[in-house]
Every structure is written in structure tokens, then in C-alpha cells.
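Participant: Before I ask anything, let me first share the structure, which is written out below as C-alpha cells.
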Amino acid sequence: LWNINDSEPPAADVLVTERPVDPSHRTRVGRIAGLKHVHLLSIGYEWVLDHLSEDVALSNSKGAVEDATAEHCLALILASLRELPRAYQLQKEESWSRLWTSSLHGSNVVVLGVGGVGTAIIERLKPFKPAQTTGVASTSRTINGGIDVVSFANVHQLLPSADIVICALPHTPQTEGLIGTEFMDRMHNGALLVNVGRGPIVATAALIKELESGRLRAALDVTDPEPLP
């Protein structure tokens with residue numbers, strides 16, 4: 001066993017690892033003598049590509065983590081809509097004032113990305129009876145018994161009526177900074193942005209501006225930079 005956050009790696013044929021939190025530690029993968037295969041304990045793999053030679057095979061955990069990620073996404077949504085962090089703070093303060101909160105039931109939900117994670121999220125949304133759930137992907141189609149999927153070219157038309165926008169996209173040159181100022185400007189006051197994809201998909205400066213003003217809410221599993229300063 002070798003912790004990727006340790007200094008220097010031993011020689012090995014196979015590495016099974018998660019993504020190091022500290023970006024400076026990721027280069028250590030490329031210094032493993034004799035490495036033939038890397039397996040990642042995640043779906044995302046973009047972080048490791050620059051550190052592997054062409055003769056090293058790479059696999060990820062597609063099919064193994066979608067359910068857990070979707071469950072975590074629902075936890076973030078419910079905790080945010082029901083304002084559980086605020087309720088916890090009031091409890092610590094012994095302030096027993098009532099909180100009026102919003103609900104997933106009856107909400108309009110937009111899911112960016114309908115791969116394994118996005119599809120698993122959509123399935124878990126159904127029992128909560130949102131008013132409408134719409135997927136966004138590279139091509140338009142219908143999935144999961146009537147869920148509409150529209151193309152990214154039409155996503156801005158959905159945002160003004162979206163109560164919850166969920167990002168379940170991979171980090172690619174096309175998705176980096178996708179959720180920026182123009183995107184957020186189209187979201188209505190009080191809307192919730194949930195990111196369980198990758199941090200760089202959301203423009204951090206633009207998001208901070210919206211959160212500091214109180215116009216939008218966010219529940220983030222990932223950030224840019226990560227970890228936050």
C-alpha cells in the first residue's frame with residue numbers, strides 16, 4: 001500500500017487510486033517505475049492523462065459510483081431546500097424560530113448531463129414529484145419513460161423557469177466555464193445550483209458574486225480551486 005500523498009512512490013505494475021486532493025501530488029503517478037495499468041476509484045479521469053505514458057493502460061469505475069453520487073446529490077438538494085445547515089446553526093444558538101423552506105415537490109429541475117450519474121439522479125428525483133425534470137445533453141431525445149432531453153444549444157431557454165439546476169457533467173474543454181455569468185444571469189432569484197460534476201465547469205468568481213448578493217443558492221460537491229483556500 002502506498003499513499004499517493006506521500007513523497008515518492010515505489011515501483012509497481014498496477015496503481016489503484018483516487019484523485020489526490022492536492023494537485024501537486026498528481027504528478028507522482030508518472031514517477032512510478034514499471035507502471036503498466038492505472039485504475040481510478042472514480043468516473044472522472046482527466047486529471048491523470050497528462051501524467052501517463054502511452055504504454056500505460058487506464059480504467060475507471062464507471063458503473064460502480066453512479067448510485068452513490070446520485071444519492072449524495074439528492075442529499076445536497078434536500079439539505080439546501082429544507083435549509084438544514086441554517087436549522088443546525090439555529091439549534092446551536094438555541095434559537096427556536098420557525099424556518100419557512102422550499103420543497104423539491106413541485107419544482108422545475110434541469111439536469112445538465114444525462115450519462116450514468118445524470119440518469120441515476122433523474123431516477124431518484126421521480127418519487128419527490130417535481131413539476132418537471134428536463135435533461136440537457138449534446139443531442140435531444142427522450143429517456144426514462146418520458147423525460148425530455150434538450151441540446152445544450154437550448155439550455156438558456158430552460159433557465160428562467162428552473163428552480164434547481166444540477167450539473168453532472170464531466171470536465172472537458174467544452175464544459176469548462178459553461179456555468180458562468182451569462183448562464184447564472186438567466187436563473188431566477190432564489191434558484192439552487194447543485195454541482196456534483198467538476199469544479200471548473202462553474203466560473204467561481206461569477207458564482208461568488210451571486211452567493212454574496214443572496215440572489216442564488218448553491219450546493220457544491222466540487223469547487224475550483226479544490227480544496228478551497
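Participant: Have a look at Glu54, Glu18, Glu71 and point out the one that is closer than 19 Å to Gly197 by Cα and modelled with pLDDT under 95.
Facilitator: Matching residue, one of Glu54, Glu18, Glu71: Glu18.
Participant: Here is a further query. Please state which one of Ala153, Ala191, Ala206, Ala162 is open to solvent by 10 Å² or more (accessible area, probe 1.4 Å), under 19 Å from the mean Cα position of the chain (by Cα) and of a type outside the set (Lys, Arg).
Facilitator: The conditions single out Ala206.
Participant: So is Leu99 closer than 19 Å to Glu71 by Cβ, hydrophobic (A, V, I, L, M, F, W, C), without any contact (Cβ under 8 Å) to a residue 40 or more places away in the chain and open to solvent by 40 Å² or more (accessible area, probe 1.4 Å) or not?
Facilitator: Spelling it out, it is not the case that Leu99 is closer than 19 Å to Glu71 by Cβ, hydrophobic (A, V, I, L, M, F, W, C), without any contact (Cβ under 8 Å) to a residue 40 or more places away in the chain and open to solvent by 40 Å² or more (accessible area, probe 1.4 Å).
Participant: Suppose we keep only residues that are in contact (Cβ under 8 Å) with a residue 12 or more places away in the chain and in a loop (DSSP other than H, G, I, E, B) within region 57-66. Which one would you say is surrounded by the most Cβ atoms within 10 Å (Cβ to Cβ)?
Facilitator: Val65
Participant: Here are Val136, Val202: which of them is touching a helix residue (DSSP H, G or I) at 6+ places or on another chain (Cβ under 8 Å) and of a type in the set (A, V, I, L, M, F, W, C)?
Facilitator: Of the residues listed, the single one that is touching a helix residue (DSSP H, G or I) at 6+ places or on another chain (Cβ under 8 Å) and of a type in the set (A, V, I, L, M, F, W, C) is Val136.
Participant: Can we say Glu54 is farther than 14 Å from Val29 by Cβ, part of a loop (DSSP other than H, G, I, E, B) and acidic (Asp, Glu)?
Facilitator: Judged against the criteria, Glu54 is a match.
Participant: Could you list, in sequence order, all residues of region 180-207 that are part of a helix (DSSP H, G or I) and of a type in the set (A, V, I, L, M)?
Facilitator: Answer for region 180-207, where residues must be part of a helix (DSSP H, G or I) and of a type in the set (A, V, I, L, M): Met184, Ile201, Ala205, Ala206, Leu207.
Participant: Next up: When the residues of region 121-136 are filtered to those that are over 15 Å from the mean Cα position of the chain (by Cα) and aliphatic (A, V, I, L, M), which remaining residue is nearest to Leu74 (Cα to Cα)?
Facilitator: Leu125
Participant: Out of region 73-86, which residues are surrounded by fewer than 16 Cβ atoms within 10 Å (Cβ to Cβ) and in a helix (DSSP H, G or I)?
Facilitator: Ala75, Leu78, Ala79, Leu84, Pro85, Arg86
Participant: Give region 1-45 a look and list any residue that's open to solvent by 70 Å² or more (accessible area, probe 1.4 Å), closer than 25 Å to Val117 by Cβ and touching a strand residue (DSSP E or B) at 6+ places or on another chain (Cβ under 9 Å), or say none.
Facilitator: Val16, Glu18, Leu41, Tyr45
The values are calculated or read from the model by the stated rules, or taken from the named source; none is laboratory data. None of these values were measured; they are calculated from a predicted model. Backbone-built Cβ (ideal geometry, glycine too); neighbour counts: all protein chains shown. Calculation scope for accessible area: heavy atoms of the full protein, side chains included, ligands and nucleic acids excluded. Shrake-Rupley method; radii C 1.70, N 1.55, O 1.52, S 1.80 Å.
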